[in-house]
Amino acid sequence: MLIVGAKGFAKEVMEIFHQKGETENLHFYDDVSSDIPEFLYNQFKVLKSEQEAKELFEKTSSEFVIGIGNPQLRYKLAEKFQNLGGTLISSISNFAEIGSFGIEIDEGCNILGGVKISNDVKIGRGTIVYYNSIITHDVTIGEFCEISPGATLLGRCKIGKFVKIGAGSIIFPDVKIGDNSVIASGAVVRNDVPENTMVAGVPAEIKKTL
C-alpha cells in the first residue's frame with residue numbers, strides 16, 4: 001500500500017494504518033523533497049519515481065491514499081496515481097466515532113482520531129476531516145474539502161467542492177458554502193457563503209473574493 005507524500009500529513013495518515021496493524025508492505029512516495037531518506041523511520045521505503053509506483057501497484061498492491069493536505073493538489077495526485085494503475089482508498093481512524101445509519105464516505109477520504117460524525121452524513125471523495133471535528137446530522141460535504149481540527153458542522157449544512165474550513169470554526173444549520181471557498185479559523189458562519197469567497201469573524205463576513 002502506498003501513502004502519497006512522506007512529510008507532515010502523510011505521517012498522520014501512517015498512524016491510522018499503524019493503529020490498525022496494517023503497516024506491512026507500506027510505502028511512501030515523494031519525488032520532490034531532497035531531504036527525505038530512502039527509508040522513513042528506517043523501515044518504510046520511500047518511492048521517488050512514477051515508475052516505482054507503477055511497479056508497486058502491479059506487483060504488490062494497487063491501493064493508495066493521499067498523505068498531502070492541499071485540496072487542489074490532492075485532486076491532481078488522486079488522478080495521477082489512478083492513471084498509474086492505483087486504487088484510491090480511504091483511511092479512517094479507529095478512534096473516530098461514526099454514525100450507524102445513512103453514512104456515505106466516498107473513496108480517498110482521511111478521517112482522523114476524535115472526529116464525531118452523526119447519522120445521514122455524506123462526505124465526498126478525497127475529503128480530509130481532521131482531529132476532533134464534529135459533523136452532525138444530515139450534513140453534506142463535497143469532494144476534496146479540508147475540515148480542520150475542532151471545526152463544527154451543524155445540521156443540514158451543505159459544503160461545496162474544494163472548500164477549506166478552518167480550525168475551530170462553526171457552520172450553523174442549513175448554511176450553504178459554495179465551491180472553492182475558505183472559512184477562516186474561528187469563524188462563526190450564520191449565512192450562506194458564495195463560491196470562491198473567503199469569510200472570517202464572529203459572525204463571519206466576506207473578506208475577499210478568491
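Readers should treat all values here as calculations from the given coordinates under stated rules, not as data from a laboratory. Owing to the predicted nature of the structure, the values given are computational and were not obtained by experimental measurement. We place every Cβ from the backbone using ideal geometry, glycine too, and count neighbours over all the protein chains shown.
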Subject >> Isotropic mean projected area of the C-alpha convex hull, the stretch 106-210 (nm²) >> reply: 5.1
Original post:
Between SER185 and ASN42, how many nm apart are label points set 7 Å from Cα along the C-beta direction?
Top reply: 3.4
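Please give the direction-averaged projected area of the C-alpha convex hull for the stretch 131-184, in square nanometres with one decimal. It would help to have the intermediate numbers written out before the result.
Working: hull surface 11.6 nm².
Averaging across all directions leaves 2.9 nm² for the Cα convex hull.
Can you bin the stretch 166-210 into rounded, prolate or oblate? Criterion: square roots of the alpha carbon gyration tensor eigenvalues sorted a ≥ b ≥ c, rounded for a/c under 1.5, prolate for a/b above b/c, oblate for the rest. It would help to have the intermediate numbers written out before the result.
Working: a/c = 1.62, a/b = 1.19, b/c = 1.36.
It is oblate, given that a/c is not under 1.5 and a/b is not larger than b/c.
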Subject >> Relative contact order [Cα under 8 Å, 6+ residues apart], the stretch 132-210, whole percent >> reply: 21
**OP:** Work out Dmax and Rg for the stretch 23-156 from the C-alpha atoms and quote the Rg first, both in angstrom.
**Re:** 16.1, 46
Subject >> J(HN,Hα) series, the stretch 141-156, from Karplus relation 6.51 cos²θ - 1.76 cosθ + 1.60, nearest Hz, glycine and proline x >> reply: 10, x, 7, 6, 9, 10, 9, 6, x, x, 6, 10, 10, 8, x, 6
**OP:** Please name whichever of VAL202, GLY21, ILE3 sits farthest to the positive end of the charge dipole of the chain, dipole taken about the Cα centre and charges placed at Cβ: Lys and Arg +1, Asp and Glu -1.
**Re:** VAL202
**OP:** Quickly work out the LYS80-to-GLU55 label distance, labels modelled 7 Å from Cα along the C-beta direction, and quote it in nm with one decimal.
**Re:** 1.9
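List the GluC sites (Glu not before Pro) in the stretch 32-101 that DSSP assigns to loop (not H, G, I, E or B) and whose Cβ has at most 11 other Cβ atoms within 10 Å. Which are they? Mind dumping the intermediate values first?
Numbers: sites: GLU38, GLU50, GLU52, GLU55, GLU58, GLU63, GLU79, GLU97; in loops: GLU38.
Taking the stretch 32-101 and a limit of 11 other Cβ atoms within 10 Å, the loop GluC sites (Glu not before Pro) found are GLU38.
Among the listed pairs LYS176/LYS207; LYS122/LYS207; LYS122/LYS164; LYS164/LYS208, which have their C-alpha atoms separated by more than 20 angstrom in this model? Could you put the intermediate results ahead of the total?
Details: LYS176/LYS207 17 Å; LYS122/LYS207 29 Å; LYS122/LYS164 17 Å; LYS164/LYS208 15 Å.
Pairs exceeding the cut-off: LYS122/LYS207.
How high is the relative contact order of the chain? Use alpha-carbon pairs under 8 Å, at least six apart in sequence, and give a whole percent. Write out the running numbers ahead of the final one.
On the way: 590 pairs, mean separation 22.9, N = 210.
That works out to 11 percent.
For GLU104 and THR23, compute 0.36 nm times the residue count separating them, minus their Cα-Cα distance, and round to one decimal in nm. Display every interim value, and only then the final one.
Working: separation 81, 0.36 × 81 = 29.16 nm, distance 2.58 nm.
This chain segment gains 26.6 nm when fully extended.
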Subject >> Dipole moment magnitude, nearest 20 debye, the chain about Cα centre, only Lys, Arg, Asp, Glu C-beta charged >> reply: 540
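Just the number, please: percent antiparallel of the DSSP beta bridges in the chain, rounded to the nearest 5.
Details: 7 of 48 bridges.
Percent antiparallel among DSSP bridges in the chain is about 15.
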Original post:
What is the sum of charges around GLY5, taking Lys and Arg as +1, Asp and Glu as -1, for the other residues whose C-beta is under 12 Å from the C-beta of GLY5?
Top reply: 0
**OP:** With a point put 7 Å past each Cα toward its Cβ, work out how far ILE206 is from ASP174 in nm, to one decimal.
**Re:** 2.1
Original post:
Considering the chain as a Gaussian network with a 10 Å cut-off on Cα pairs, which listed residue, ILE123, ILE103, ILE66, attains the greatest mean-square fluctuation?
Top reply: ILE103
